[in-house]
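The block underneath contains the structure these notes are about, expressed in structure tokens.
The values are calculated or read from the model by the stated rules, or taken from the named source; none is laboratory data. Quick caveat, the model's predicted, so the values are computed rather than measured. Quick reminder, even Gly has a Cβ in these numbers, built from the backbone with ideal geometry, and neighbours come from all protein chains shown. Surface areas here come from the heavy atoms of the whole protein model, side chains and all, with no ligands, DNA or RNA. Shrake-Rupley method; radii C 1.70, N 1.55, O 1.52, S 1.80 Å.
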Amino acid sequence: MTETASPDIDAGIAEIDELQRLLMRSTGPGVRGQHYKQHGCVFATFEVLADLPERLKIGVFAKPKAYTAYIRFSNGAQLDDTKPDIHGMAIKLTGVAGRKILEGEEDAATHDFVLADKPVFFIRNTSDYVRFMADFAQSAPRGEPPLAFIAWLKENRPEDLPVLLGFRQQVQDSPLAARYWSQVPYAYGLDDAQVCRYSVVPTKENLVSPIPSEASGAGYLREAMIGHITRAARPAVFDFCVQLNDDTSASTINNPTVEWTTPVEPVARIAIPPQTFTSTAQLAFGENLSFTPWHAMPEHRPLGEINEVRRRVYLSSSGLRHETNQVVRREPTGNEHWSFNMRLSPEELTAGINADFKAVLAKLQATFNFMAANLQHGRATHTYGVVAKGEARCITPAGFPETDVFVPGRVFPIILRHSSPGGRADDRARDGVAASIKFFAPGASTDGDGFYDILMNAGRQLFVRSIRDFSTFVHTPDDDRIKLVESGLMLDDQLREAYRIRGSFTDSQYHTWVCFQFTDKTGVSRYVRFRLINADRGPDRGLPRPEFRADGHPSMDATPDDDRAPDFLRKDFIHRVRHSDVRYILQAQLRDAPPPPIGNHELFDPSQPWNEYWFPWADMFEIRLTEVMDDQAAVSRLELNPNRSPECIRIPLATSPDDYASLGHARAIVYPGARAARAAVPSPQNN
């Protein structure tokens, strides 16, 4: 099997590359040369099957393993999904160890599979490809077929004419319900004994109810994906298969226009979990990904002239696209999906911070990652909790600033999690209480990440003013924290107010502590804080006696006379949700933005509540809990981040670790890293 192209082939590939770049410049160099319409880029699990026959245990498939994968579904050329076309499924595995064969990216930990919904390709070799591209470069801008190439093919390779004419003739019900093929061959092992083609076969559950043809619009393929993995929250499952062939002759390798008849054998299972994949961040991630069959292990090296063409053209067109868009081309790590539906990108969160802030963040990140992966076998903080599902009905009053999300009468499915901030397993411990709410789109299930998270704690304010102070507190031994109180870094009155003599999670009022930028439909920006109160609108219950002092301790052991059960808080909440009517009111406190320059304005200070006379609380949602969430695996996956929010809500950004806004800013950066560390810890986890 030849692994290096001849000079004639090299010259042909260079000509194809130049024609492709000319086409991209005429149609827009910032978009892909092919497959530029993206239906969605989703994250998935690519799990190599156990108990494969020895002859199939090669390379990626050598042993059972689950990889995080990103899968991009696309049209080949059409912007209108109702028109026939070729459709793509590009798969990128992450965390793949070993050297790769792509020059300059040998150390990349990714492996790509590039497939389409047609089993064969319509061109055999480089010289035919040059002829096609020369004609296509002239005809495509006019919206015409390559008639000169069709005439040549009819005269010289009449057996390939039906392949060409039928190549872009597929109409899909859903990208999740189609079968895909690699079309061209690949090595299967380091020797030359056999070659393979890949194919991906959907399970029958991947299409439950196709969109009726009369309701199919130009973007119905994305809508079909949304209906399946977002609204219905159903997974999509595929078998990834190889088709081996012992005929390794050049006539077989260099003729992708002919289907093979050898058996197709499954080697892996692809599972796309329920998710919301249409956020700006996730769509941009998919657009910025680059796929090439040369992101591969040597055991799976691409073979044949068409793959040689792809080696150069894919990289070249990708380079032109990223250069035009001023985006750095980089391979993903597999952790990106934790922040797909975040309001601000990692680049936006870190662009304006100074070196001092970065150093504080790095230290906190290492600590939180260690706690999540080692000490607690679960969340780094708020480790133990209880979760329920329900709904939130928007009840914003007349005069409340209008947004596209918070519309009176609109009902959102939610998940609410109560927890103990101190991370002690014993509910009798003296500690605070917390509540976090995850919102999902109206009509959607409560699977996936949702679109908005609100994190709240008992007490109107935090006991430190900035992320530097918080980091100092975290990295000071508990017995020495009284010195932080004496120095004024920790505020003992604020810490004391966060304590509760705990009887029930439903007794307390919960506050966000930090504020958020709130922009209404007219573009006017204000700032907002949230609190959650019991539906009876009673007082905040469980405050400690006036003589109680925290002395810098964020939590303490239970008192010796406390004879309640160690899990009484969780049992109480579960019993209430199952047998009574658990309701809350989510309220908002709005405050006009001060004129610029805002700087370190006191409204950002998390240690100071806003005056309720000047900034009264307004009802936003009626919340009713209906079902305990007792699937512990799902609870373990539950991730909450203040950066997950709709367009109308945004975290104020800081530049220094001493800025009041640095606390909320830092949480948005540190939480995804800790979540990734926790995801690597095997179940069961504390929930």
Original post:
residue 634 versus (1) under 30 Å from residue 525 (Cα atoms); (2) not in a loop (DSSP other than H, G, I, E, B): which is the lone unmet condition?
Top reply: (1)
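Could you list, in sequence order, the residues of region 90-135 that are assigned to a strand (DSSP E or B) and over 17 Å from residue 302 (Cα atoms)?
If we filter region 90-135 for residues that are assigned to a strand (DSSP E or B), which is where we start, we get 90-94, 110-116.
The one that is assigned to a strand (DSSP E or B) and over 17 Å from residue 302 (Cα atoms): 94.
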Original post:
Restricting to region 585-626, what's the tally of residues that are farther than 18 Å from residue 392 by Cα and in contact with a Leu (Cβ under 8 Å, 6 or more places away or on another chain)?
Top reply: 6
Original post:
Quick one: how many residues across region 98-116 are open to solvent by 30 Å² or more (accessible area, probe 1.4 Å) and basic (Lys, Arg)?
Top reply: 1
Original post:
Out of (1) open to solvent by 20 Å² or more (accessible area, probe 1.4 Å); (2) closer than 23 Å to residue 274 by Cβ; (3) of a type in the set (A, V, I, L, M, F, W, C), what's the single condition that is false for residue 190?
Top reply: (2)
**OP:** With the checklist (1) surrounded by 17 or more Cβ atoms within 10 Å (Cβ to Cβ); (2) at pLDDT below 95; (3) among the charged types (D, E, K, R) in hand, flag the one item residue 402 doesn't pass.
**Re:** (1)
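Using the structure shown, decide if residue 183 is part of a loop (DSSP other than H, G, I, E, B), on the phi > 0 side of the Ramachandran plot and at pLDDT 90 or above.
Values: part of a loop (DSSP other than H, G, I, E, B): yes; on the phi > 0 side of the Ramachandran plot: yes; at pLDDT 90 or above: yes.
Against the criterion (part of a loop (DSSP other than H, G, I, E, B), on the phi > 0 side of the Ramachandran plot and at pLDDT 90 or above), residue 183 qualifies.
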Subject >> Failed criterion for residue 507 (all others in (1) buried (at least 21 other Cβ atoms within 10 Å of the Cβ); (2) within 19 Å of residue 623 (Cβ to Cβ); (3) acidic (Asp, Glu) hold) >> reply: (1)
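Kindly indicate the residue of region 439-491 that is in contact with a Gly (Cβ under 7 Å, 6 or more places away or on another chain) and in a helix (DSSP H, G or I) and also most open to solvent (accessible area, probe 1.4 Å) among those meeting that condition. Walk me through it before giving the result.
So in region 439-491, the residues in contact with a Gly (Cβ under 7 Å, 6 or more places away or on another chain) come out as 439-440, 457-459, 481-482, 484-485, 490.
From what's left, in a helix (DSSP H, G or I): 481-482, 484-485.
Values: 481: 30, 482: 55, 484: 21, 485: 33 Å².
So the residue we want is 482.
So, in region 406-438, exactly how many residues are within 25 Å of residue 541 (Cα to Cα), among the aliphatic types (A, V, I, L, M) and assigned to a strand (DSSP E or B)? Step through it out loud before you land on a result.
Taking region 406-438 as the starting set, the residues that turn out to be within 25 Å of residue 541 (Cα to Cα) are 414-438.
Applying the additional criterion that residues be among the aliphatic types (A, V, I, L, M) yields 414-416, 425, 429, 433-435, 437.
Pick out the ones that are also assigned to a strand (DSSP E or B) and you get 414-416, 434-435, 437.
Looking only at that region, the number is 6.
Listed here are the residues, each with its yes/no results for (1) aromatic (Phe, Trp, Tyr); (2) closer than 30 Å to residue 406 by Cβ; (3) modelled with pLDDT of 95 or more; (4) in contact with a Leu (Cβ under 6 Å, 6 or more places away or on another chain).
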{"residue": "501", "(1), (2), (3), (4)": "no, no, no, no"}
{"residue": "524", "(1), (2), (3), (4)": "no, yes, no, no"}
{"residue": "557", "(1), (2), (3), (4)": "no, no, no, no"}
{"residue": "569", "(1), (2), (3), (4)": "no, no, yes, no"}
Subject >> Of the criteria (1) within 22 Å of residue 86 (Cβ to Cβ); (2) modelled with pLDDT under 90; (3) not in a helix (DSSP H, G or I), which one residue 192 fails >> reply: (1)
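Hey, can you tell me all the residues within region 56-86 that are outside any loop (DSSP other than H, G, I, E, B) and over 25 Å from residue 334 (Cβ atoms)? If you could, list the steps in order and put the result at the bottom.
As a first pass, look at region 56-86 and keep what is outside any loop (DSSP other than H, G, I, E, B): 56, 59-61, 66-75, 85.
Selection gives 75, 85.
Quick one: which residue in 594, 566 is assigned to a loop (DSSP other than H, G, I, E, B) and closer than 22 Å to residue 384 by Cβ? It would help to see each step written out before you state the result.
Details: 594 fails: closer than 22 Å to residue 384 by Cβ.
None of the other options fit; the residue is 566.
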Original post:
Do we find a residue being over 21 Å from residue 11 (Cβ atoms), modelled with pLDDT of 85 or more and touching a Ser or Thr at 6+ places or on another chain (Cβ under 8 Å) anywhere in region 161-177?
Top reply: yes
**OP:** Could you pull out the residue among 633, 565, 666, 654 that is touching a residue at least 60 places away in the same chain (Cβ under 8 Å), open to solvent by 20 Å² or more (accessible area, probe 1.4 Å) and within 30 Å of residue 372 (Cβ to Cβ)?
**Re:** 565
Original post:
So which residues in region 278-313 are assigned to a loop (DSSP other than H, G, I, E, B), of a type in the set (A, V, I, L, M) and closer than 16 Å to residue 104 by Cα, if there are any at all?
Top reply: 296, 297
Original post:
residue 271 fails exactly one of the following numbered conditions: (1) within 17 Å of the chain's Cα centre (by Cα); (2) free of Cβ contacts under 8 Å to residues at least 12 places away in the same chain; (3) closer than 24 Å to residue 56 by Cβ. What is the number of that condition?
Top reply: (2)
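Under the condition of being hydroxyl-bearing (Ser, Thr, Tyr) and assigned to a helix (DSSP H, G or I), which residue from region 637-681 is modelled with the highest pLDDT? Don't jump to the end; show me each part of the working.
First, pick out the residues of region 637-681 that are hydroxyl-bearing (Ser, Thr, Tyr): 645, 655-656, 660, 662, 671.
In the following step, the residues that additionally are assigned to a helix (DSSP H, G or I) were identified as 662, 671.
Working: 662: 96, 671: 88.
Per the criteria, the residue is 662.
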Original post:
Mind checking whether some residue in region 602-616 is among the small types (Gly, Ala, Ser), part of a loop (DSSP other than H, G, I, E, B) and under 12 Å from residue 514 (Cβ atoms)?
Top reply: yes
Original post:
If you go through region 521-555, how many residues are in a loop (DSSP other than H, G, I, E, B) and open to solvent by less than 20 Å² (accessible area, probe 1.4 Å)?
Top reply: 5
Original post:
If you take the residues of region 161-187 that are β-branched (Val, Ile, Thr) and open to solvent by less than 70 Å² (accessible area, probe 1.4 Å), which of them is nearest to the chain's Cα centre (by Cα)?
Top reply: 184
